[in-house]
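Here's the structure we're looking at; comments come further down.
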Amino acid sequence: MLLKELTELLGASGDEKEVREKIKEIVKPYVDELYVDRVGNLIACKKGKKEKPKVMLAAHMDEVALMVKSVNEDGTLSFSPVGGVDNRILVAKAVKVGEKKINGVIGAKPIHLQKKGEQEKPLDFDELYIDIGAASKEEALRHISPGDYVYFESNFEILGDGYVKAKALDDRIGCNVLIEILKNTYEYPVCAAFTVQEEVGLRGAGVAAYNVEPDFALVVEGTVAADVVDSEPHLVSTELGKGPAISLMDRTTLYDRKIIDKIVRIAEENNVPYQFRRIASGGNDAGKIHLTKGGIKTVAISVPCRYIHSFNSVAKLSDFENTVKLVDLVIKNIEEVLK
């Protein structure tokens with residue numbers, strides 16, 4: 001399964017090469033133009049029978065991870081987050097460190113030695129360390145260096161009936177959607193931008209949009225699903241199994257309601273399930289894309305994922321499949337969408 005291959009690749013913000021090379025290999029037979037821009041975005045374009053409107057799809061290649069900050073005298077590693085990592089999930093997790101993929105475990109002061117106040121709050125990053133089995137600073141430095149990336153160790157697995165768990169579903173599941181779309185033929189030019197450094201400030205997306213100069217952009221994301229037992233109903237942003245989530249507003253973008261209404265009508269006319277993303281927090285590559293040059297009409301359609309930004313997120317394959325269907329229909333009806 002392609003989603004398994006994509007999620008098991010290592011590609012933190014600024015270190016997307018492994019992901020980029022794999023996607024380049026996959027999409028090359030389906031596109032007319034393929035290049036990597038100066039910041040590392042992979043741009044894959046298909047010509048259409050018509051020159052306009054040009055559509056840009058965007059999905060980011062990077063995942064949240066960690067980075068070695070320094071090496072301690074006892075051989076353990078201090079680290080910092082790369083992107084929005086929740087420190088509550090880190091203790092005792094297995095990791096891979098550096099290009100050699102050295103095995104490690106995230107450690108902390110044992111609970112037996114913690115004071116009462118320490119047990120009642122999550123440990124901060126400065127109170128955690130990575131143990132690679134080195135007995136000294138000198139020994140550790142023979143294997144790793146400050147600045148090395150640290151990746152969560154996690155394998156792709158099928159859960160239950162049609163669910164999957166993996167790291168990096170945000171946003172390798174969006175990358176997978178774009179790959180499926182590139183296999184199709186359209187009347188209009190379509191460029192897929194597999195972007196870099198989304199998790200640390202949407203840094204690649206604006207550059208990609210500036211280079212492509214689309215008339216319309218559609219961002220495909222993995223987004224927060226909070227359909228779990230302890231969530232307040234008004235905070236359940238999306239739900240697994242209810243279809244792709246269409247964004248109305250988030251921290252970086254206020255989306256065009258007229259365009260959204262047209263996309264909703266397309267979904268309903270073609271019996272594609274959909275839902276709205278019901279929170280306004282967070283952001284995605286649309287935040288940079290819609291402000292590029294003179295402005296670009298942009299929407300975001302996302303695949304719901306539980307436990308996002310963790311070692312193991314969970315998604316439903318039917319949501320992925322229906323996202324592919326909806327994106328395909330939007331492109332086929334793009335003149336109507338933009339009218």
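Cα centroids of segment 180-230 and segment 269-333: how far apart, whole angstrom?
Spelled out, the Cα-based centre of one part sits 9 Å from the other.
Given Cβ point charges of +1 (Lys, Arg) and -1 (Asp, Glu) and nothing else, what value in debye, to the nearest 20, does the dipole of the chain about its Cα centre take? It would help to have the intermediate numbers written out before the result.
Values: 46 positive and 53 negative charges, 156 e Å.
Around 760 debye, computed over the chain.
Please report the relative contact order for segment 129-240, taking Cα pairs under 8 Å with a sequence separation of at least 6, and give it as a percent rounded to a whole number.
It rounds to 17 percent for segment 129-240.
First measure r as the distance between the Cβ atoms of Glu25 and Lys101, then evaluate 1/(1 + (r/R0)^6) with R0 = 22 Å and state the FRET efficiency to the nearest 0.05.
So the FRET efficiency works out to roughly 0.60.
Output the lone cysteines of the chain: those with no second cysteine's C-beta under 4.7 Å from their C-beta.
For the chain, the answer is Cys175, Cys305, because their Cβ atoms have no other cysteine Cβ under 4.7 Å.
On a 32 Å Cα-Cα criterion, which of the cross-link pairs Lys137/Lys165; Lys100/Lys242; Lys28/Lys101 come out too long?
Too far apart for the 32 Å limit: Lys137/Lys165; Lys100/Lys242.
Can you give the angle from 0 to 90° between the axis of helix 203-212 and the longest principal axis of the chain, with both taken from C-alpha atoms, to the nearest 10?
So the inclination is approximately 30 degrees.
Determine which aspartates and glutamates satisfy two conditions relative to Lys339: a Cα distance under 20 Å, and not lying fewer than 8 residues away in the same chain.
Correct list for Lys339: Glu51, Glu187, Glu213, Asp215, Asp256, Asp261, Glu268, Glu269, Asp328.
Among bridges DSSP assigns within the chain, what percent are antiparallel (round to 5)?
If we restrict to bridges inside the chain, about 65 percent are antiparallel.
In what sequence, largest accessible area first, do Arg203, Arg277 appear using a 1.4 Å probe?
Values: Arg203 140, Arg277 25 Å².
Descending order: Arg203, Arg277.
I'd like the accessible area for Ile296: 1.4 Å probe, protein heavy atoms, all chains in place, Å² to the nearest 10.
Approximately 20 Å² for this residue.
Would you calculate a helix-derived [θ] at 222 nm for the chain, using -39,500 (n - 2.57) for each DSSP H run of n ≥ 4 and dividing by the full residue count, to the nearest 500?
Rounded to the nearest 500, it is -7500 deg cm²/dmol.
Normalised by the number of residues in the chain, what is the relative contact order in percent for Cα pairs under 8 Å and 6+ residues apart?
23
If the elastic network links every pair of Cα atoms under 10 Å, which of Ala226, Ala245, Ala65 fluctuates the most in the Gaussian network model of the chain?
Greatest mean-square fluctuation among the candidates belongs to Ala226.
Past the 22 Å Cα-Cα mark, which pairs from Lys4/Lys297; Lys22/Lys93; Lys96/Lys183; Lys93/Lys167; Lys22/Lys69; Lys69/Lys93?
Checking Cα-Cα distances, Lys4/Lys297; Lys22/Lys93; Lys96/Lys183; Lys22/Lys69 exceed 22 Å.
Can you give me the relative contact order of segment 219-331 as a percent, contacts being Cα pairs under 8 Å and 6 or more apart? Working shown, then result.
On the way: 208 pairs, mean separation 43.0, N = 113.
Relative contact order here is 38 percent.
The values are calculated or read from the model by the stated rules, or taken from the named source; none is laboratory data. Just so you know, these numbers come straight off a predicted model, no measurement behind them. Glycine also receives a Cβ, built like all others from the backbone with ideal geometry; neighbour counts cover every protein chain displayed. Heads up: the accessible areas ignore ligands, DNA and RNA and are worked out on the full protein's heavy atoms, side chains in. Shrake-Rupley method; radii C 1.70, N 1.55, O 1.52, S 1.80 Å.
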